[in-house]
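Q: Attaching a single structure in structure tokens format; questions to follow.
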Amino acid sequence: MVDRTGELVIDSMRAEDTAHLDMLFHREADDVMHRLLVHAEPAIAASAAVSFDMGARHGPTVPPEWQAAWRSAEHDADTFEEWFCQRLQDMTARGWYASPLPHDGDGILARLPRPHRLRLASRCIGLPRIGPSALIHLVNSDIEMARHLLDEYAVTPDELVEALAGQRNKALEQIGPLLLERGVRAEKIAAAAAWYDTWWGDRSRMHSELLAYFTALADHVPALRAVAAAGRSQQQELLRDAEEQERAARVRGR
């Protein structure tokens, strides 16, 4: 149960207090979480909502009796956008931003309506950041949104490349040709697509897999043949370097 002091603290919270709620996903589904989930301030309710585990492998599970409140807070696009912008403002005041969402929760961005994703993307572009860009999920494979950003939001083609980081999928297949048409170098697109957030094991295996990917890409998406050729060239060189380093490490007995 939340005592009187706790109620006063929770009731007094405002949008700017969301910065203090980053670690909510470590809590259980207790009375405090429920009070935050139904909070009158949309940004506070959204902070609580995105902290629950609904298929993203983080946080407590939403109890059945709370799911209506959770859907209202997490699925309301305006509420979520307000929360995200507030957190972005809090972080950029420090000179950089990182995803304010719990680990593996960035997929929520892809489910927002396009107008909300456009506004959020326009705010994120060009900001110093730590970790993956929010554009990866905000743009995804939405080529119409990519065109809107380029034509109506004064986003440069080179700035939009960060949306393709690690996107060896439909996003690259849809957005890549557009960026080539707008003058982005194939080497830059290939390097973005080859990015890995994390990798476990020998680097040579990673570069071997990437080399195979770019080799197949040329036939799979003819419009990206220049990107495929650039990717093959990059990965061949990186593969040779990785193999040499691993060979030297084995000689040293590491």
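The values are calculated or read from the model by the stated rules, or taken from the named source; none is laboratory data. Just so you know, these numbers come straight off a predicted model, no measurement behind them. All Cβ positions, even for glycine, are placed from backbone atoms using ideal geometry, and neighbour counts span all protein chains on display. For the accessible areas, the whole protein counts, side chains as well, though only heavy atoms, and no ligand, DNA or RNA atoms are used. Shrake-Rupley method; radii C 1.70, N 1.55, O 1.52, S 1.80 Å.
Q: Limited to the stretch 210-254, what total is found for residues that are more than 21 Å from residue 188 (Cβ to Cβ) and of a type outside the set (A, V, I, L, M)?
A: 11
Residue-wise test of (1) open to solvent by 10 Å² or more (accessible area, probe 1.4 Å); (2) modelled with pLDDT of 95 or more; (3) assigned to a helix (DSSP H, G or I); (4) of a type outside the set (S, T, N, Q).
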{"site": "127", "(1), (2), (3), (4)": "yes, no, no, yes"}
{"site": "133", "(1), (2), (3), (4)": "no, no, no, no"}
{"site": "136", "(1), (2), (3), (4)": "yes, no, yes, yes"}
{"site": "146", "(1), (2), (3), (4)": "no, yes, yes, yes"}
{"site": "150", "(1), (2), (3), (4)": "yes, yes, yes, yes"}
{"site": "168", "(1), (2), (3), (4)": "yes, yes, no, yes"}
{"site": "171", "(1), (2), (3), (4)": "no, yes, yes, yes"}
{"site": "183", "(1), (2), (3), (4)": "yes, yes, no, yes"}
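Q: For residues that are over 14 Å from residue 194 (Cα atoms) and under 28 Å from the mean Cα position of the chain (by Cα), scanning just the stretch 225-241, find the one that is surrounded by the fewest Cβ atoms within 10 Å (Cβ to Cβ). It would help to see each step written out before you state the result.
A: Of all residues in the stretch 225-241, those over 14 Å from residue 194 (Cα atoms) come to 225-226, 240-241.
Remaining after also requiring under 28 Å from the mean Cα position of the chain (by Cα): 225-226.
Values: 225: 14, 226: 17.
In this case the residue turns out to be 225.
Q: Hey, does the stretch 196-217 have a residue that's touching a Leu at 6+ places or on another chain (Cβ under 8 Å), not in a helix (DSSP H, G or I) and not acidic (Asp, Glu)?
A: no
Q: Could you tell me whether the stretch 173-193 includes any residue that is among the charged types (D, E, K, R) and closer than 23 Å to residue 107 by Cα? Spell out how you get there, then give the answer.
A: Narrowing the stretch 173-193 to residues among the charged types (D, E, K, R): 173, 181-182, 185, 187-188.
Checking which are closer than 23 Å to residue 107 by Cα leaves us with 173.
Yes; the residues of the stretch 173-193 include at least one that is among the charged types (D, E, K, R) and closer than 23 Å to residue 107 by Cα.
Q: Can you report the number of residues in the stretch 86-108 which are in contact with a Lys or Arg (Cβ under 7 Å, 6 or more places away or on another chain) and in a helix (DSSP H, G or I)?
A: First, the residues of the stretch 86-108 that are in contact with a Lys or Arg (Cβ under 7 Å, 6 or more places away or on another chain): 88, 96-98, 100, 104.
Cutting the leftovers down to in a helix (DSSP H, G or I) gives us 88.
Number satisfying all stated conditions: 1.
Q: For the stretch 195-224, how many residues are open to solvent by 70 Å² or more (accessible area, probe 1.4 Å), touching a residue at least 40 places away in the same chain (Cβ under 8 Å) and over 22 Å from residue 163 (Cβ atoms)?
A: 2
Q: State yes or no: is residue 112 open to solvent by less than 10 Å² (accessible area, probe 1.4 Å), without any contact (Cβ under 8 Å) to a residue 60 or more places away in the chain and either touching an Asp or Glu at 6+ places or on another chain (Cβ under 8 Å) or in a helix (DSSP H, G or I) (or both)? Steps first, answer last, please.
A: Numbers: open to solvent by less than 10 Å² (accessible area, probe 1.4 Å): no; without any contact (Cβ under 8 Å) to a residue 60 or more places away in the chain: yes; either touching an Asp or Glu at 6+ places or on another chain (Cβ under 8 Å) or in a helix (DSSP H, G or I) (or both): yes.
It is false that residue 112 is open to solvent by less than 10 Å² (accessible area, probe 1.4 Å), without any contact (Cβ under 8 Å) to a residue 60 or more places away in the chain and either touching an Asp or Glu at 6+ places or on another chain (Cβ under 8 Å) or in a helix (DSSP H, G or I) (or both).
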